[in-house]
Amino acid sequence: MKEKAHIVVIGTGGTIAGRGASSVNTSAYACSVLSIDEVLSGIPEVAAVSRVSAEQLMQIGSENFTTEHLLQLGKRIDTLLRRDDVDGIVVTHGTDTIDETAYFLHLTLKSPKPVVVVGSMRPPSSLSADGPLNLYNAILVASSPASHAKGTLVVSNDEIHSARDVVKTSTFKLESFRSPYGPLGYIVEGNPRYYRVPARRHTTETQWSVDEIYQLPEVGIVYAHAGIDAAVIEATAQSGIRGLIYAATGNGNVAGHVVGALLRARRRGVQIVRASRTGSGIVTRNGAQPDDEYDWLVVDDQVPQKARLLLMLSLSDGQHSTELQDVFYRY
Ligand code: DGL
């Protein structure tokens, strides 16, 4: 008989570990209160398919995640993946920044073994809770040889998403997690089915390894709007950051009255990256702004919060602007 895959489930908190006062509290509840053992006790069915061990690494809402938390989690996963007796990892996580954590792992882990990050939109105590099935599915995805070498995955609502693409798109809907190019696959009756693979570099093909990173330079995000005050850009640029993601309107458009503030920031050494607040699509280099002349960068198609992580990692390598632009087209 084939041995069951050994999956380590790491608890970090979130709604999947939450509890409401009553079963009808689907949006108002206490977050990050159940231990990972209590969360796993809700899915005894998993013992028939995988050998699961659990550890509680932290117990926090994901809105509280810092760079230090990312490094702590990444290093722990890296250590576990090096063990011959570990076949895959599942991380239970709040959904607010699950896309950021998953993307950080996708760029910095160095193993083809599956790593799946999972959360839920409703606490386990609510009617039609989504956590138990999401977690069951995540463990099955992590146990499947079909999930090897696909980068870090996010499982939600019967779908398997690439960490590169997935974003949270709704504050409360079960179908909150979307990828602009669609999920990589589905989970049907416990069987992961893949229909496509990530085209951009990840995990074993990237230039970053979490075991070699001890700190990261800070990068800020400024969200553009009609009538934005240049003082917001000035203040952000002078807060000690090494890069600034400008979540511009449309295809990276920058209001004429704030161009000067961004140019001054660049002259002071802050990398400027034009992104879009629209949530999808490509920002065209040298389109709305002369990026070559200004020595600015564009995100390609990446959302601001993930472009920030990519720039933080790239700046830790001390790269020149032309190499930095290349990074956005490669990852
Ligand atoms: N505190 C939020 C978080 O941990 C709750 C949202 C959720 O987990 O769905 O991200």
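The values are calculated or read from the model by the stated rules, or taken from the named source; none is laboratory data. The shown structure was predicted, so the numbers you read here are calculated from the model rather than taken from an experiment. We place every Cβ from the backbone using ideal geometry, glycine too, and count neighbours over all the protein chains shown. When the accessible area is computed, the model is the full protein with side chains, heavy atoms only, and any ligands, DNA or RNA have been set aside. Shrake-Rupley method; radii C 1.70, N 1.55, O 1.52, S 1.80 Å.
Mean sequence separation of contacting Cα pairs (under 8 Å, at least six apart), scaled by the length of the chain, corresponds to a relative contact order of 14 percent. Using heavy atoms of the protein chains and a probe of 1.4 Å, the accessible area assigned to GLU159 is about 50 Å². When a 1.4 Å probe is rolled over the protein heavy atoms, the share of accessible surface on the stretch 22-150 that falls to carbon and sulfur comes to 54 percent.
Stokes-Einstein diffusion for the stretch 230-269, with the hydrodynamic radius set to the Kirkwood value over Cα pairs and evaluated at 25 °C in a medium of 0.890 mPa s, equals 234 µm²/s. All other residues whose Cβ lies under 9 angstrom from that of TYR29 are scored, Lys and Arg at +1 and Asp and Glu at -1, for a net of +2. Expressed to the nearest 5 percent, the antiparallel share of DSSP beta bridges inside the chain is 30 percent. Just flag the GluC sites (Glu not before Pro) in the stretch 1-72 sitting in loop per DSSP whose Cβ has no more than 16 other Cβ atoms within 10 Å. In loop regions of the stretch 1-72 (DSSP not H, G, I, E or B), the sparsely surrounded GluC sites (Glu not before Pro) are GLU3.
I need the fraction of alpha carbon pairs in the stretch 78-154 separated by more than 22 Å, rounded to a whole percent.
Values: 676 of 2926 pairs.
Distances greater than 22 Å cover 23 percent of the Cα pairs.
ASP317 contributes about 70 Å² of solvent-accessible surface, heavy atoms of the protein only, 1.4 Å probe. Each other residue within a Cβ distance under 14 Å of MET312 adds +1 if Lys or Arg and -1 if Asp or Glu, for a net charge of -1.
With a cap of 15 neighbouring Cβ atoms within 10 Å, and only residues DSSP puts in a loop, list the trypsin sites (Lys or Arg not before Pro) found in the stretch 157-241. Of the trypsin sites (Lys or Arg not before Pro), the ones in loops of the stretch 157-241 whose Cβ has at most 15 other Cβ atoms within 10 Å are LYS173, ARG196.
If you stretched the chain out fully between VAL24 and THR79, how much longer would it get, using 0.36 nm times the residue separation minus the C-alpha to C-alpha distance?
Working: separation 55, 0.36 × 55 = 19.80 nm, distance 4.03 nm.
Result for the pair: 15.8 nm of gain on full extension.
Where does the charge balance sit around SER239 when Lys and Arg score +1, Asp and Glu -1, over other residues with C-beta under 15 Å from its C-beta?
Working: positive: ARG242, ARG264, ARG268, ARG308; negative: GLU218, GLU234.
Counting the neighbours of SER239, the net charge comes to +2.
Binning the C-alpha pair distances of the chain at 20 Å intervals from 0 yields a P(r) profile of 32, 54, 13, 0 %, listed from the shortest bin outward. In a simple Cβ point-charge model (Lys, Arg +1; Asp, Glu -1; nothing else charged), the chain has a dipole of about 240 debye relative to its Cα centre.
Counting helices only, and only those DSSP H runs with n ≥ 4, report the 222 nm mean residue ellipticity of the chain as the sum of -39,500 (n - 2.57) divided by its residues, in deg cm²/dmol to the nearest 500. Provide the component values of the computation, followed by the final result.
Numbers: 9 runs with 92 residues, N = 331.
Calculated mean residue ellipticity at 222 nm is -8000 deg cm²/dmol.
Restrict the search to the stretch 248-285; then list the trypsin sites (Lys or Arg not before Pro) that DSSP places in a loop and that have at most 11 other Cβ atoms within 10 Å of their Cβ. Write out the running numbers ahead of the final one.
Numbers: sites: ARG264, ARG266, ARG267, ARG268, ARG274, ARG277, ARG285; in loops: ARG268, ARG277, ARG285.
Here the trypsin sites (Lys or Arg not before Pro) that fit, given the DSSP loop and packing criteria, are ARG268.
For TYR329, TYR214, TYR29, give me the order by solvent-accessible area with a 1.4 Å probe, most accessible first, ignoring ligands, DNA and RNA. Mind dumping the intermediate values first?
Details: TYR329 90, TYR214 170, TYR29 65 Å².
Final ranking, largest accessible area leading: TYR214, TYR329, TYR29.
The mean accessible area for residues of the chain, using a 1.4 Å probe and ignoring ligands and nucleic acids, is 42 Å² per residue. Measuring only protein heavy atoms, the 1.4 Å probe finds HIS225 accessible over about 90 Å².
What order do ASP229, ASP99, ASP211 take when sorted by accessible area (1.4 Å probe), most exposed first?
Numbers: ASP229 90, ASP99 5, ASP211 55 Å².
Descending accessible area places them as ASP229, ASP211, ASP99.
Projecting the Cα atoms of GLY151, SER316, ASN134 onto the charge dipole of the chain, computed from C-beta unit charges around the Cα centre, puts GLY151 farthest toward the positive end. The spacing between the stretch 301-316 and the stretch 230-287, judged by their C-alpha centroids, is 13 Å. Considering only the Cα atoms of the stretch 24-168, their convex hull presents on average a projected area of 8.1 nm².
With charges set only on the Cβ (+1 for Lys and Arg, -1 for Asp and Glu), what does the dipole of the stretch 1-119 come to about its Cα centre, in debye to the nearest 20? Each step should come with its number before you reach the end.
Working: 10 positive and 14 negative charges, 62 e Å.
Charge dipole, the stretch 1-119, about its Cα centre: 300 debye, nearest 20.
Beta bridges from DSSP with both residues in the stretch 177-278: antiparallel share about 30 percent, rounded to the nearest 5.
Pairs of Cα atoms under 8 Å, at least six residues apart: use those to get the relative contact order of the stretch 260-331, whole percent.
Values: 75 pairs, mean separation 20.7, N = 72.
Dividing the mean separation by the residue count of the stretch 260-331 yields 29 percent.
The number of Lys pairs in the chain with C-alpha atoms less than 21 Å apart, excluding pairs fewer than 8 positions apart on the same chain, is 13.
The charge dipole of the stretch 213-331, taken about its Cα centre with unit charges on the Cβ of Lys, Arg, Asp and Glu (plus for the first two, minus for the last two), comes to roughly 220 debye.
Using only the C-alpha atoms, the convex hull of the stretch 178-320 corresponds to 143 Å³ per residue. In terms of Cα atoms, the Rg and Dmax of the stretch 249-331 work out to 11.9, 33 Å. Ranking ASP301, ASP158 from most to least accessible surface, computed with a 1.4 Å probe over the protein chains only, gives ASP158, ASP301.
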